[in-house]
């Protein structure tokens, strides 16, 4: 991977035959929660077990009995009659593998009780290292008699489900994942983690640790994946309309549409450097890139260190405690996003402009995020997945269908809180530092230009793309399916496969 | 104070006669640093000692020998020849009262060495509880054989100096302060703290604790004092221009000029409710107030709890460690502030509009800050000084002369970092929640209206105004004096009295 050795496991449906060995001794798999990941991973796992002929292994969903999601789980074929749907702690107590897919806030509150309920020798499965961050900040430790593993798909639940289904007929479709073995009490925790990863359909899985995972994940969504892209388009839309006299519609096309359309498509298929190669006005691209690189990196560093110090995790937990009093409002109702609704309704895909200035700013923010993660010691696999592939293959296509603010409104609480907090920071710093420098005629910094042209990340991204054949995800522009159903409102399998 | 008993000490120049008793055993007063507070407090203290006839007590400034401020200190009459200017640790070691007025970041790094250098039985004097926040987050304690007291003027250094000078001829002019006795090793720490407060010219001084002081101070500058007002005007300027078609100049007059001009004047002399009474369009004021109250309070709560949990203090310390790599840029160069320069140059004070919508939003942000502090247990004295008086009597007049962004660029690092972090949050939440609600025709919430009309804070503010006769601070609009010289660039006494 760009000249470095990394531990990567190729997945694929041909490996389903190995599941009986990898998951030996596991008879009951508890899927706890029904948010974004649980319906997707639960159904994928169940389908894979059928294909592997493992009829004696049950996937059971665990929920609060009063949960509004009970009916959704029933609609997906989980039910009390055959014991595949039950009360949270009952399911935890009988499971050999507990896939803990409730919200970060709920994990932070409930983990002592959850850990206490688990069987000795069972496996706690996480899809996010957040809980370790909470426990670190509280000085708590995991029980020593259980396995603790992680499989973290690099995309939201609906993408995990949709690409798994596409993978039934298209070779290699699926969402990449990372895995980690934090504690191996039984001696076969690695097999269990890799079995889980194969079963939910990851075409490739790379090794990480719980701590590196939560750092890159929490940071990534605050950066280019959600917060960064939101701040960029808000600042550019303001600039193009108010300061440059562009019409609202044209400004929206030259910002959001341009990023979630052509730029995303280029990066997804050919990498970041290909955006530079594709723009006509290379001078403007590079001037914008050069002006935006350091300011966005400044915020990336601040954000990374807030996560690393566990400040950001404490913030998320504190915010959760305020929700009763200050519920999170939607951010999708402002002027710009109303313009966006209209523009999307009249969209002609082939006419979306590839704006060189916008492209320069977006690529600078993505590249400075990649460089920050590398400087902080993350593997190329983690860096490329968290900063590039998750953006262009998972989130941006949803944003293209519904807008950036809508996407933010429909992510997990941790992601929403983070995007709301950091988007305005990227907005302001671009306005205050990058655009002022560009407008004052700042020359391209040759060091920044050379670092972009020769960044080893380009090779790593190409390798990652090769490891995961690019399969287009199809998202409809309205209705109850797609990202709108991704989080609290996640509906049945049927509703997301429209 | 609005029906509650609070411990308040009246200051005044007639009390200079009591200084020999209050400061007995103190022969050397070390003023460490030369930022915003040190030149002001050092000179005020020296002048007061002369008036009190205490010729045997010396005020000595302590600086790094390589400091560029050495010459400034000399220009203010401190010099090596008579021992009133020396190396930091030499001055600390010989002082009976050490007024530690270096930056928060420097305190965080150097406190172990500073504490070690102090004489047994001497007094550590702070003008900010920040250091306690740092020590709390690190689990450190003060030496037991020293006094630890605080006198915190509720205004920046140049105001402390200017109003002291005006106080020589105008009765009651000066900046209010809070005081705290954190540790009393000698039995007379309270006398020392109150003597210091009188000597720097506080017309009244109220009791607090180091912890409540740093909470309200760090929170306050992130809120309405700097971050809040900046976010408000950015969001309103965008709204009035882009969405309502106002000219840039008119929009600037209806936002920044309106707040730092007539609104500030009204609150300074007659309180917050008088703004409502002064606006013609009371319906718009109250609709804007009602729409903006909860969203701004949401951010206030988040900010307060970030400070309370010491997250914010850790953030400031981490940011300090990044300055070499990511120096803080100025924020004053954007489009809006260029408009502002032009508007200020052509200003006719009497023609500045009192915009009802702007007034409603500003008053809502100020009042929700007051209510947050009250709900968190702060005394009315602290609340009124941190949220009202410091704004309208100290900071806003400087902003009126130079703009809001310029003011932010010229505060302490802790304040600048905080304002840059929180201003965009107020901006976005107003745009996303308050203005969208107003535009959708949201009715006035009768509970919010009644709470505004009957808020006991109005009585407390009136009482505070009475305790401190309002003396106008005069600020020139350009040159090297005033706030431009307030921080790192603080020049000699002469330069600020222009």
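Annotation note: of B:147, B:79, B:136, the sole residue that is surrounded by fewer than 18 Cβ atoms within 10 Å (Cβ to Cβ), over 30 Å from residue B:396 (Cβ atoms) and touching a strand residue (DSSP E or B) at 6+ places or on another chain (Cβ under 6 Å) is B:79. Of everything listed in (1) in contact (Cβ under 8 Å) with a residue 12 or more places away in the chain; (2) within 11 Å of chain A (Cβ to nearest Cβ); (3) surrounded by 21 or more Cβ atoms within 10 Å (Cβ to Cβ), the single unmet condition for residue B:289 is (2).
Given the structure, is residue B:216 in contact (Cβ under 8 Å) with a residue 40 or more places away in the chain and out of contact with any helix residue (DSSP H, G or I) (no Cβ under 8 Å at 6 or more places or on another chain)? Considered against the rule, which asks whether it is in contact (Cβ under 8 Å) with a residue 40 or more places away in the chain and out of contact with any helix residue (DSSP H, G or I) (no Cβ under 8 Å at 6 or more places or on another chain), residue B:216 comes out as no.
Of the residues making up segment B:404-415, one or more are in contact (Cβ under 8 Å) with a residue 24 or more places away in the chain, more than 13 Å from every other protein chain (Cβ to nearest Cβ), within 13 Å of residue B:229 (Cβ to Cβ) and not in a helix (DSSP H, G or I). Quickly run through segment B:3-20 and pick out the residues that are farther than 12 Å from residue B:49 by Cα, out of contact with any strand residue (DSSP E or B) (no Cβ under 8 Å at 6 or more places or on another chain) and outside any loop (DSSP other than H, G, I, E, B). If the condition is that a residue be farther than 12 Å from residue B:49 by Cα, out of contact with any strand residue (DSSP E or B) (no Cβ under 8 Å at 6 or more places or on another chain) and outside any loop (DSSP other than H, G, I, E, B), then B:14 is the only one that fits.
Within segment A:234-247, residues that are more than 9 Å from chain B (Cβ to nearest Cβ) have Cβ atoms under 6 Å from residues that are in a loop (DSSP other than H, G, I, E, B) in these pairs: A:240/A:246, counting only partners at least 6 apart in sequence or on another chain. Restricting attention to segment B:415-447 and to residues that are within 14 Å of the chain's Cα centre (by Cα) and under 19 Å from residue A:303 (Cβ atoms), the residue that is surrounded by the most Cβ atoms within 10 Å (Cβ to Cβ) turns out to be B:418.
Do we find that residue B:387 is surrounded by fewer than 24 Cβ atoms within 10 Å (Cβ to Cβ) and under 12 Å from the mean Cα position of the chain (by Cα) in this structure? When the stated conditions are applied, residue B:387 does not pass them.
The sole residue among B:350, B:368 that is assigned to a helix (DSSP H, G or I) and either at the interface with chain A (Cβ under 9 Å from one of its Cβ atoms) or touching a residue at least 12 places away in the same chain (Cβ under 8 Å) (or both) is B:368.
The single residue among A:264, A:260, A:269 that is at pLDDT below 95, away from chain B (no Cβ under 14 Å) and on the phi < 0 side of the Ramachandran plot turns out to be A:269. Scanning segment B:295-347 for residues that are part of a loop (DSSP other than H, G, I, E, B) and at the interface with another protein chain (Cβ under 7 Å from one of its Cβ atoms) turns up B:309, B:326, B:329, B:331, B:333, B:334.
Criterion first (in a loop (DSSP other than H, G, I, E, B), touching a helix residue (DSSP H, G or I) at 6+ places or on another chain (Cβ under 7 Å), at pLDDT below 95 and closer than 24 Å to residue A:108 by Cα) does residue A:155 satisfy it? Outline the logic, then answer.
Numbers: in a loop (DSSP other than H, G, I, E, B): yes; touching a helix residue (DSSP H, G or I) at 6+ places or on another chain (Cβ under 7 Å): yes; at pLDDT below 95: yes; closer than 24 Å to residue A:108 by Cα: yes.
It is true that residue A:155 is in a loop (DSSP other than H, G, I, E, B), touching a helix residue (DSSP H, G or I) at 6+ places or on another chain (Cβ under 7 Å), at pLDDT below 95 and closer than 24 Å to residue A:108 by Cα.
Could you tell me whether residue B:382 is surrounded by 24 or more Cβ atoms within 10 Å (Cβ to Cβ) and in contact (Cβ under 8 Å) with a residue 24 or more places away in the chain? Answer is yes for this residue.
Can you go through A:342, A:338, A:330, A:283 and tell me which one is closer than 26 Å to residue A:434 by Cβ and either out of contact with any strand residue (DSSP E or B) (no Cβ under 8 Å at 6 or more places or on another chain) or surrounded by fewer than 24 Cβ atoms within 10 Å (Cβ to Cβ) (or both)?
Working: A:342 fails: closer than 26 Å to residue A:434 by Cβ; A:338 fails: closer than 26 Å to residue A:434 by Cβ; A:330 fails: closer than 26 Å to residue A:434 by Cβ.
Testing whether each residue is closer than 26 Å to residue A:434 by Cβ and either out of contact with any strand residue (DSSP E or B) (no Cβ under 8 Å at 6 or more places or on another chain) or surrounded by fewer than 24 Cβ atoms within 10 Å (Cβ to Cβ) (or both) leaves just A:283.
Summed over segment A:44-74, the residues that are assigned to a helix (DSSP H, G or I) and either crowded, with 18+ Cβ neighbours inside 10 Å or touching a helix residue (DSSP H, G or I) at 6+ places or on another chain (Cβ under 7 Å) (or both) give a count of 10.
Can you say whether residue B:198 is in contact (Cβ under 8 Å) with a residue 12 or more places away in the chain, crowded, with 23+ Cβ neighbours inside 10 Å and within 18 Å of residue B:42 (Cβ to Cβ), as far as the supplied structure shows?
Yes.
Scanning segment B:82-133 for residues that are touching a strand residue (DSSP E or B) at 6+ places or on another chain (Cβ under 9 Å), in contact (Cβ under 8 Å) with a residue 40 or more places away in the chain and assigned to a loop (DSSP other than H, G, I, E, B) yields B:95, B:96, B:101, B:102, B:121, B:127, B:128, B:129. The criterion of being in contact with a strand residue (DSSP E or B) (Cβ under 9 Å, 6 or more places away or on another chain) and surrounded by fewer than 19 Cβ atoms within 10 Å (Cβ to Cβ) holds for residue B:190. Within segment A:173-202, which residues are part of a loop (DSSP other than H, G, I, E, B) and under 19 Å from the mean Cα position of the chain (by Cα)? Once the filter is applied, which keeps residues that are part of a loop (DSSP other than H, G, I, E, B) and under 19 Å from the mean Cα position of the chain (by Cα), segment A:173-202 yields A:173, A:174, A:175, A:176, A:200, A:201, A:202.
The values are calculated or read from the model by the stated rules, or taken from the named source; none is laboratory data. Note that the structure is a prediction, hence the values are computed from the model and not measured. Backbone-built Cβ (ideal geometry, glycine too); neighbour counts: all protein chains shown.
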